[in-house]
Amino acid sequence: MELGLVLRLLVIGISISETRTQGRPGPMSSECLENFLCITLRAEYFEGKYLSFSAVDQSGIAWELDEALASQCGYTVTYSNWNNIEFRASALSCHSHVEKDTFTVTIQVKASHTPDMKNASVHLKSASCHYGPWSPRQLVCETNYMEVSVRRDVPKTVKDFIQDEPEDWTLVFPEAKSGEASIWQIVFHQPEEKRALLVSDAWSAGYGLNITDTRILLRVPYNAAQTQLVKAQGITFSTVRSSTFYKQQWMILMVDTAVVCPVDGVDYTNKMIIWTVPKYIQALCTGATSFKDVLVEAGVNLHKLSAKEMASRKYVLSNDFDVITMKVPIGAEGGYYKTSVSSGQHGARYCINLFLEHQWEDNKWGLTKHTIIKEIETPFELVELTVTNNSNLSARIMNVTVGMFLLDVELVNLTIEGATVTVPEAVQHGYRMYEIKYANQSKVYVIQVPFDAPSIKKEYVRDDVRTYTLNVTLEFIIHPTSETFSVLIVTLSAVKDAVLPSARGFCDENNVHLHITHGNVDQNWMPFISGRHLTPEAAQKYNYSLSDNGTHLAISVPFLSSLLDYEDIHMSGVLASLHLTLKDGVTFANKKDFSISCRFSPSELIQCLPNGTVVITAVKLVRLADLDTSLLVLSDRNCKPSLVTEKTATFKFNVNTCGTKRKFNSTSITYENEVVYFRLGNDSPVYKLKFVCLYTIKQTVDVKYETKKNPSPSIKPGFGALDLSLKLFKDESYSDPYQELEFPVVKYLKETLYLEVELLQPADPRLELNLKDCWATNSQSQDSLPQWPILINGCENSKDSQRTVFHKVNYSNRVKFPQHLKRFEVMIFTFIEGTTPLQKQLYFHCSVVICSTMPQPSDFLCQRRCNPGKHRRDRSTEPQLHGQASSGAVLIRKENTTSRDSDGFHTVCSNIHVSCEKNTESV
């Protein structure tokens, strides 16, 4: 890892105490490895702090390091296993104090809780290391820089090499007169050109140049402008070919300061890391013709491993003719796993810090020592996280364990119901979080939430069980890379604590009522009937009642509502059912069903109005689900419904239309029809609803229904009113009847009474009113004695001296059906009781027969020979309807003279007061 990146990432950390634990080592420790000083900062002292590093020179000046200065001066900062921070300094770093065979490095570390580094604590660490004998040429490939150092004595001149680079001398010779012995100039060899830089310019360009009494050193960052990428045996190398010129006494000396470091060469096969390094690179071997391997060694973290140690770790180091290969099993000892993220997924990479040392001899340099430090990370590997539900049902606490995690992971945020909160803020939502660490350097997080926390979703599932669902997203950060990833936790706990809603249903004459008592699971359940959501707005529109007081839901539905299902029609009534479903307000899944069935009186289905109008409502039965109510018709298929709903069809028609059949009996007229439904292409009805309207005078019968299995139900019968009237008119025009306020009416002897009997209802042109008997009494009772006959069997009384006269009835604006009226006149005659003329009130009565206008084979009751324009007919086989109408009182007054009529009776000149009454019965 490059130092600049590391330094930026050091400001991220995990909160942990800095207090030194008794018996443990201090915050920093040092170790001498090869020609490096390694200083380790232990994580437990510096995590959670913002850090800065400085190198302290011999004058005590602290030089704060950044990425560029670290690469230029020979410093490297990396993270070792479990977040320990390692600071490495080259023996010839910029601020090293070299004395004889020892170099000393002093660093300063500042640690602060804030990024502005205020109130920072300062930690100093100084350490010295002995270094062994130097090879004539030593090459170091660090993770953030390349370094080459060579002996200062004048090497043997190689004729071919000098001939290849003659212009190097030309570039620097004019400056040869400068007297001070120092590095003077460096020339970089590139394919397209050669570029010479003075020392000051090279330093400004990021190169590190140093000189001791015996050595010259060049340090090159990997991103330097003069670096080139070359291939050798398929492996890519970063290389810088340069010649360094320096003065020594009166001579200008040139040193080959080429350096080469591999940048790839790592493969991953069968859970194995394979690192391949070619041995002899052209850039390092220019001018040499013979080579001999001296030593090949390898290790981890700059610690060399013996063959036995390698074998125990299953490492394999092989030294072939032209390459060195090192094989390390992924996960082997010496490396460590760190958390990684790819496309938001949690995973891990295996990391190991290998190094390789190769020493060889050639006929140009003698001994060359090449040390390569290689930080290797394996490709990302997905790691599944386990979510374990350990909820305590008795304590009503959700308890979820999430893991395993490595120690470089920290929980920082939670997203609860769409809102992201920090760990401390989550406590306010009822959450409790803590981590459990294990000896194998892993850990888990435990999340605890009460069942009744607002963010816990409660849902009824079955019987008395409901589930509690924890739905939370955990956000983690990885140290030191600051990568983040999220883990969605959705866990359910089933608890037997559900209280379901219950219902009580009942019916009255016109409505179905359902009262639902809420439980603890139906807060977001909604009532539906036949897929229709019941709302207060819909209740007002469709004429049903809906109310909810928080504890009870009350629904009232009228008998002929589209919300009801009609199961059956029978003589006992119409069986109607209300089926209500409570559905989840989010998923609309069915949760609870309620139903109630009631049998209603069928009076709402049939109305027989007095004017002969019939209103019949046909209902769609559940067993005929495909029935289209708009296609229902009467016996006359041209008669269609006037009002259609999803489940009903209403017909309104007159009894003398739509194929209605008529029957008579002694007390009523019966009208029959039926509602039928035909499927397309089928002449046999699949639905047949028969009904009857019965018009009667003196009899009241309950409406009865009867259902048949196939094809359909029938209705028997409905009832209406048959109205008769007897009126008194002022003259034979029959245009001006006496009104109620004009009674009593005064009439004198030999004056005429004009009487009219009318069938008011039903208005059926197929009916005809015929008079049977008319008579007078002196009391309101029709059966009281004495009685004075006026008409007998429809004819005048032959014993009367003054015969009754019939008048023909013609059509007029007032008379729509002439056959419904009979008119006749009666002369005031002498009424006697014994031999005394009657001088008090009288009442008139008529009995009638309602007959058919159609010719009948025989007609006993409907004899018409005494009626104008009619002739006697034979007896009818069809029963006829009989009725009666009565008048009010008739007052008789004496006159000053008396006379005897031709029959010898005394006629009294009297006033007669007549009033007519309607005798009607209705259902």
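The values are calculated or read from the model by the stated rules, or taken from the named source; none is laboratory data. This one's a predicted model, so the numbers in the text were calculated from it and none came from an experiment. Cβ: placed from backbone, ideal geometry, glycine included. Neighbour counts: every protein chain shown. For accessibility, only protein heavy atoms count, side chains too; no ligands or nucleic acids. Shrake-Rupley method; radii C 1.70, N 1.55, O 1.52, S 1.80 Å.
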How much length would be gained if the chain were fully extended between Glu192 and Ser126, taking 0.36 nm per residue of separation minus their Cα-Cα distance, in nm to one decimal?
19.2 nm
Rounded to the nearest 20 debye, what is the charge dipole size of the range 316-406 about its Cα centre when +1 sits on each Lys and Arg Cβ and -1 on each Asp and Glu Cβ?
480
Could I have the simple spin-label model distance between Ala307 and Ser666, label points 7 Å from Cα toward Cβ, reported in nm to one decimal?
13.7
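Could you pull out the pairs from Lys374/Lys437; Lys541/Lys591; Lys730/Lys799; Lys279/Lys304 whose alpha carbons sit more than 29 Å apart here? Could the numbers behind the result be given before it?
Working: Lys374/Lys437 31 Å; Lys541/Lys591 26 Å; Lys730/Lys799 26 Å; Lys279/Lys304 19 Å.
From Lys374/Lys437; Lys541/Lys591; Lys730/Lys799; Lys279/Lys304, over 29 Å: Lys374/Lys437.
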So for the pair Ser642, Val446, with labels modelled 7 Å out along Cα→Cβ, what separation do we get in nm?
7.9
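Determine one quarter of the surface area of the Cα convex hull of the range 224-290, which equals its mean projected area, and express it in nm² to one decimal.
Working: hull surface 27.2 nm².
Convex hull of Cα atoms, orientation-averaged projection: 6.8 nm².
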Relative contact order for the range 576-691: what is it in percent, counting Cα pairs under 8 Å that are at least 6 residues apart?
17
Ser601 versus Ser200, label points 7 Å from Cα toward the beta carbon: distance in nm?
12.1
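Could you please report the charge total around Asp522, scoring K, R as +1 and D, E as -1 over all other residues with beta-carbon less than 15 angstrom from its beta-carbon? Each step should come with its number before you reach the end.
Working: positive: Lys457, Lys458, Arg462, Arg466, Lys583, Lys591, Lys592; negative: Glu459, Asp463, Asp464, Asp497, Asp548, Asp584, Asp593.
Neighbour charge sum, excluding Asp522 itself: 0.
Note down the net charge around Phe36, summing +1 for each Lys or Arg and -1 for each Asp or Glu among other residues with Cβ under 14 Å from its Cβ. Intermediate values should be presented prior to the final figure.
Details: positive: Arg88, Arg219, Lys304, Lys369; negative: Glu31, Glu34, Glu86, Glu142, Glu147, Glu357.
Around Phe36, the charge tally is -2.
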So the FRET efficiency between Asp683 and Val815, C-beta based with R0 = 41 Å and rounded to 0.05, is 0.40
Interchain or long-range residues, amide H under 5 Å from Leu842's placed H:
Val890, Leu891, His913
The range 326-450: projected area of the alpha-carbon convex hull, averaged over directions, in nm²
12.0
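Over the range 717-820, what is the mean sequence separation of C-alpha contacts under 8 Å (at least six apart), divided by residue count, expressed as relative contact order in percent? All intermediate terms of the calculation are to be shown ahead of the outcome.
Values: 118 pairs, mean separation 22.9, N = 104.
Computed over the range 717-820, the figure is 22 percent.
Would you tally the net charge around Leu406, using a Cβ to Cβ cut-off of less than 9 Å, leaving Leu406 out, and scoring K and R as +1, D and E as -1?
Numbers: positive: Lys338, Lys443; negative: Asp408.
Residues close to Leu406 contribute a combined charge of +1.
Between Tyr268 and Val387, what's the calculated FRET efficiency when r is the beta-carbon distance and R0 is 35 Å? Round to 0.05. Before the final figure, lay out each step's value.
Numbers: r = 30 Å, r/R0 = 0.85.
Using R0 = 35 Å, I get an efficiency of 0.70.
Largest first, what is the accessible-area ranking of Phe653, Phe380 with a 1.4 Å probe?
Correct descending sequence by accessible area is Phe380, Phe653.
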What are the residues whose amide H is under 5 Å from the amide H of Leu722, where those residues sit 5 or more places off or on another chain and H is modelled from the backbone?
Thr696, Glu921
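Taking the Cα centre of the range 372-520 as origin, work out the dipole magnitude from +1 charges on Lys and Arg Cβ and -1 charges on Asp and Glu Cβ, in debye rounded to 20. Numbers along the way, then the final one.
Values: 11 positive and 18 negative charges, 95 e Å.
Rounded to the nearest 20 debye, it is 460 debye.
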